[in-house]
Amino acid sequence: MTNNYVRIFDTTLRDGEQSPGATMTSAEKLDIAHNLARLGVDIIEAGFPAASPDDLEAVRRIALEVGNPADGRPDAKVPVIAGLARANKVDIDKAWEAVQGARRPRIHTFLATSAIHMKHKLKMDPEDVVQRVAETVAYARSFCDDVEFSPEDAGRSDPEFLYVVLGEAIKAGATTLNIPDTVGYTTPDEFYNLIDGIIKYTPGMHEGITISVHCHDDLGMATANTLAGIRAGARQAEVTMNGIGERAGNTSLEEVVMALKTRNPIFNLETGIETQQLSRMSKLVSNYTGIVVQPNKAIVGSNAFAHEAGIHQDGMLKHQTTYEIMRPEDVGVSQTNLVLGKHSGRHALRNRLAEMGHSLDEVELDKAFARFKELADRKKIITDLDLEAVIADEFYKPRDVYLLNGLQVSCGTMGMPTASIRLRGPDGVVHTVASIGTGPVDATYKAIDSIVNIPCTLLEFNIHAITEGIDALGEVTVRIQAENGQHTMDAQSEVQHVRVYGGHGADSDIIVASAKAYINALNKLIIARTEGTEKVKNDFGVMLG
Ligand code: KIV
Ligand code: ZN
């Protein structure tokens, strides 16, 4: 590995999944992992196996299926698969159980080192922290050659103390030292100095150790801090797609990768990311999590390459570089508008989907083609964005527990908005119900509720048109929370959060899209309950030995 290569460590499935509402099913996690591998990430942090048997199983499947080449070729490139573990034997055992099937497994363990965390959270003396780090890293190393250690809340830790802790981690066999700004507190200058000091003053530091950076975005500086850390010598960046993660989120993968690429003369560094896949990957994560990407989000927001102001449009027409520092096609934003139409055949659809990175089997292609034809009857021009929405709607969704079988809505100024709905239930029985509501969506959701009968709160409802024009496809994302819902626990806090489920639906009829999104989220909730994904609250203080 040359020293101008920055490894991309993606933690969408671990730190990203910790963000409220980002709950994903095991099948969705596996699909994201496959796509991250195709994107070219070097390390996939697949989850926190000690959280629950279901989380462990999801990481184990990713390790086996994504962490090994499909064709078994010994020289094929596969990502490292990492599992997170708190600094105790139980967590490390579980992390190893989960990742050991990968060709290149990694155990990532962490313990807090800031005075605030040691005193109030861990209730441990600094000397005991040092000893625990040495013991747990050595324990992880007894299973796995690739061990990463993170001093949690490093951004607020005493640098002198960090040198001691990190020195012990090196002695015990850690191969990557990840420096987290856990609460997004530092500024780029401070973070540069922190990384610089660690590289210079940590006892035993040598070339075989990779320094990594992991920043949170509480003050909006995560990307700037990550880049500052890289400039100081870090050669691994921990990031998530769309920047999802705890509170304000993590550093976003697409921002770091495109900054390194676009400003290459300054950084002179490279990554292994195929940037043309960024836009598609962003959509995939957004659809699965139900977390909408803000339109003005750098790189992947819907407005990132839109030029509205007249003076900008004028400049763009004269020369693209006047207002554009990256080409949209470099991040996979298609410039071609007209892709397919009513008369396009199955073959053309298959080819276009393959170009977009979706290789479907015959059965899937049949389904996609049926949806495409249905859409082409209502919409003259089918763009890549429409196709992405159809694919997401048809394939990137949980198993159908309840399936929309028919919907009729009447609304307007003349009467009560009424929805009549037919849903096929898990027992195969078709239920038909009519409800009134304050509007067509309310009436539809009430009708669905009366069939599914799981009291829940609609936390968020978003609707937008995928393309321009009156015949555009509408895309709806929702986030719901069940009353008395399941709890979830993340690796870093002892606090239990009630799970939030996201759902996605697309249709040229926005009420149908709304119904699909809601049913999609309810199906996830039901699957999570029946598959027992409820996270087991572990005792934070499980000690070594
Ligand atoms: O933010 C953080 O400190 C973490 C660690 C577990 C690396 O996510
Ligand atoms: Zn984090």
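Of all residues in region 40-57, those that are on the phi < 0 side of the Ramachandran plot, buried (at least 24 other Cβ atoms within 10 Å of the Cβ) and either at pLDDT 95 or above or not assigned by TED's automatic domain parsing to the domain that holds LYS94 (or both) total 8. Any residue in region 137-149 that is open to solvent by 10 Å² or more (accessible area, probe 1.4 Å), touching a strand residue (DSSP E or B) at 6+ places or on another chain (Cβ under 6 Å) and farther than 25 Å from GLY272 by Cβ? Looking through region 137-149, at least one residue is open to solvent by 10 Å² or more (accessible area, probe 1.4 Å), touching a strand residue (DSSP E or B) at 6+ places or on another chain (Cβ under 6 Å) and farther than 25 Å from GLY272 by Cβ.
When region 419-438 is filtered for residues that are within 13 Å of ALA515 (Cα to Cα) and under 35 Å from the mean Cα position of the chain (by Cα), the ones remaining, listed by number, are ALA419, ILE421, ARG422, LEU423.
Could you tell me whether SER420 is open to solvent by 60 Å² or more (accessible area, probe 1.4 Å), touching a strand residue (DSSP E or B) at 6+ places or on another chain (Cβ under 9 Å) and not basic (Lys, Arg)? No. If you go through region 6-35 and keep only what is within 12 Å of ligand 1 (Cβ to nearest atom) and either over 10 Å from the mean Cα position of the chain (by Cα) or assigned to a helix (DSSP H, G or I) (or both), you end up with PHE9, ARG14, ASP15, GLY16.
Quick grid of which residues meet (1) open to solvent by less than 30 Å² (accessible area, probe 1.4 Å); (2) within 20 Å of THR418 (Cα to Cα); (3) not assigned by TED's automatic domain parsing to the domain that holds GLY21:
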residue: ILE436; (1), (2), (3): no, yes, yes
residue: ALA443; (1), (2), (3): yes, yes, yes
residue: SER450; (1), (2), (3): no, yes, yes
residue: ASN453; (1), (2), (3): no, yes, yes
residue: GLU460; (1), (2), (3): no, no, yes
residue: ALA482; (1), (2), (3): yes, no, yes
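Filtering region 155-181 to residues that are crowded, with 18+ Cβ neighbours inside 10 Å, outside any strand (DSSP E or B) and within 16 Å of ligand 2 (Cβ to nearest atom) leaves GLY155, SER157.
Among residues belonging to region 196-218 that are open to solvent by 50 Å² or more (accessible area, probe 1.4 Å) and among the acidic types (Asp, Glu), point out the one that is nearest to ligand 1 (Cβ to nearest atom). Here the residue is ASP218. Residues in region 295-352 that are β-branched (Val, Ile, Thr), more than 30 Å from LYS367 (Cβ to Cβ) and at pLDDT 70 or above: ILE299, THR321, THR322, ILE325.
Selection of region 207-217 for residues being closer than 24 Å to ALA172 by Cβ, touching a helix residue (DSSP H, G or I) at 6+ places or on another chain (Cβ under 8 Å) and in a loop (DSSP other than H, G, I, E, B) yields only ILE209. Exactly one residue out of ASP400, ASP361 is within 30 Å of the chain's Cα centre (by Cα), free of Cβ contacts under 8 Å to residues at least 12 places away in the same chain, open to solvent by 20 Å² or more (accessible area, probe 1.4 Å) and within 25 Å of LYS29 (Cα to Cα), and it is ASP361.
Being part of a helix (DSSP H, G or I), open to solvent by less than 10 Å² (accessible area, probe 1.4 Å) and in contact with a helix residue (DSSP H, G or I) (Cβ under 9 Å, 6 or more places away or on another chain) is a description that applies to ASP91.
Checked against (1) polar (S, T, N, Q); (2) in a helix (DSSP H, G or I); (3) crowded, with 18+ Cβ neighbours inside 10 Å, ASN193 passes all but condition (3). Residues that are open to solvent by 10 Å² or more (accessible area, probe 1.4 Å) and closer than 22 Å to GLU190 by Cα were ranked within region 224-242; the one that is farthest from ligand 1 (Cβ to nearest atom) is ARG231. Summed over region 57-116, the residues that are over 23 Å from the mean Cα position of the chain (by Cα), farther than 16 Å from ASP145 by Cα and touching a residue at least 12 places away in the same chain (Cβ under 8 Å) give a count of 10.
Only one of (1) more than 16 Å from ligand 2 (Cβ to nearest atom); (2) small (Gly, Ala, Ser); (3) closer than 18 Å to GLY229 by Cα is not met by GLY184, so which one is it? All conditions pass for GLY184, except number (1).
The values are calculated or read from the model by the stated rules, or taken from the named source; none is laboratory data. This one's a predicted model, so the numbers in the text were calculated from it and none came from an experiment. In this analysis, Cβ positions are derived from the backbone assuming ideal geometry, glycine residues included, and neighbour counts consider all displayed protein chains. What goes into the accessible areas is simple: the full protein's heavy atoms, side chains included, and nothing from ligands, DNA or RNA. Shrake-Rupley method; radii C 1.70, N 1.55, O 1.52, S 1.80 Å.
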